[in-house]
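All of the numbers you see were taken from the coordinates with simple rules; none came from a lab. Source: prediction; values computed, not measured. Cβ coordinates were reconstructed from backbone atoms using ideal geometry, including for glycine residues, and neighbour counts include every protein chain displayed.
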């Protein structure tokens, strides 16, 4: 089950990410990777997992390369990144 593929249907994937409680799997500790968000119990940064997915790595490739990770950990990294992006605000600056 840990290696179950991410849903290929976009709606199922979105529902899965939205309902994911990433806080159960991602932690921030100043003593681990200078406080970067990591998968709990590892030194694997959420940023690394998201970067690998952006570079086209499949879930299977990530799980094979990082056997301490689970499919739920990968989804938690994506949910964390999604929440950070949703919280981001951009304010235009007035120029002279």
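Here the label points at residue 23 and residue 95, each 7 Å from Cα along the C-beta direction, are separated by 4.1 nm in the simple model. According to the calculation over all Cα-Cα pairs in region 10-84, the P(r) per 5 Å bin from zero is 3, 17, 29, 26, 18, 6, 1, 0 %.
With both labels modelled 7 Å from their Cα along Cα-to-Cβ, the residue 68 to residue 31 distance reads 1.5 nm.
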